[in-house]
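Working notes, structure below.
Here, each number is a calculation from the coordinates, and none is a lab measurement. Predicted model, so just to flag it, every value in this text is computed and none were measured. Heads up, the Cβs are rebuilt from the backbone with ideal geometry, glycines too, and the neighbour counts pull from every protein chain shown.
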Amino acid sequence: MKRVITPFLIVAAAGAVTAILVLSRPAPEIKAPEERVTLVEVETARSQDMVFTVDSQGTVEPRTQTTLVAEVSGRVLSVSDKFVVGGFFREGELLLSLDSADYEVSVQQARANLLTAQAQLTQEQAQAEQAAREWDFSGRPRSDAPPLALRTPFLAEAEARVLFAQADLARAQRQLERTKIRAPYDGLMREKMVDIGQYVGTGTQLARTFAVDFAEIRLPLADRDIAFLNLPQPGALVRASEDKPAGTKSHGSPVLLSAVVGGKLAQWQARLVRTDGVIDSSSRVYYAIAQVNDPYNLRANSNESLLSIGSFVNATLQGVSAQGVFALPHSAVRNSNQVMIMDQEQRLRTRTVNVLRTDKDFVYIDEGIGNGEQVIISPVPVPIEGMRVATEESFASAAVNAQ
């Protein structure tokens, strides 16, 4: 009997000891779960007043280009030293001469015909005066005299011969003058088509030239860029220089042109002077024309680089101004119109903003954030409103303070 009771007593005693130990142990310390902190990069938002710019590009072309055509026929007797491809010439300068012998003869003949017609007119005027005096002897008024009696038709015919002879002389003189081909403006020879000894007929093309007073660049613009530019209205006349021609308005918006010339970056100042006024049906772009004064530096005598016709240039167009704009990197914007802010308690807050404009470098925002706020510019894998965030600097500082 004693052997049966003893194991039960041992078990009961062990249970009692275990209960006493469990009941007497200290309560476990309850700790809140440690909140995870996500490291981010931030940029302090600073508003600024700015002038927007629009980038474009185009090819430099002459504003005025001409195909010189012979207005008379003849053999080319001489050409100017500047009548070569790339030759510069001044307005009115003689470029080439045609054989003028036949036209000089025509002038002499026309002058002789004029002298004959004038002599006949003088003679007819004398006869008409004599006829009028004879009619006066009859005692009747001249108003009653028939035209033949006063030789009125013969006088009119003589006057007409003089007018015809004068017109014929003027035509012959113009034909003679046209044997001298002169430059229509200050320009440069682009293509030469004839030379000494060649016979040319009326309408023969002699050369292609272009003026060097201005150069133009046709700049394509996307529809999204037009709202940020001060473009001239279609048909409006603006000027590119301080010399204001009659009937023009104030000078256009500035344009900065740039290109690599001889391995170095060169820049030129230009102005927007007009627009095409139509949208290209194939590319769906709008064209504005920028104008450069004296691209070959013929008048300025400066050391600036020449802007040769045919050059391809990049253009930066000065646009409209705006106040209170925040310029942020593209990485700061999510879903096209949202940014993430790290508030003063280092919590993530999502804001909806108004994106005014974007370019290759920045996103420009005018509403939705304030000066001095910390905008998160690094990606956040799973952004949750109110989650803990910190920069590397603040996180390291907090760790040091905790030690």
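What to note about this one:
- Phi-derived couplings, Karplus 6.51 cos²θ - 1.76 cosθ + 1.60 at θ = phi - 60°, listed residue by residue for segment 180-193: 9, 8, 10, 5, x, 6, 5, x, 9, 7, 9, 8, 10, 10 Hz, with x used for Gly and Pro.
- FRET E, pair N371, Q267, Förster distance 45 Å, beta-carbon r, rounded to 0.05: 0.85
- Formal net charge of residues neighbouring R349 (Cβ-Cβ distance under 10 Å; K, R +1; D, E -1): -2
- K82 sits among other residues whose Cβ lies under 15 Å from its own Cβ, and their net charge, with Lys and Arg +1 and Asp and Glu -1, is 0.
- Under 15 Å, Cβ to Cβ, from I365 - net charge with Lys/Arg +1 and Asp/Glu -1: -3
- Extended-chain gain in nm, criterion 0.36 nm per residue less alpha-carbon gap, R140 and D359: 69.1 nm
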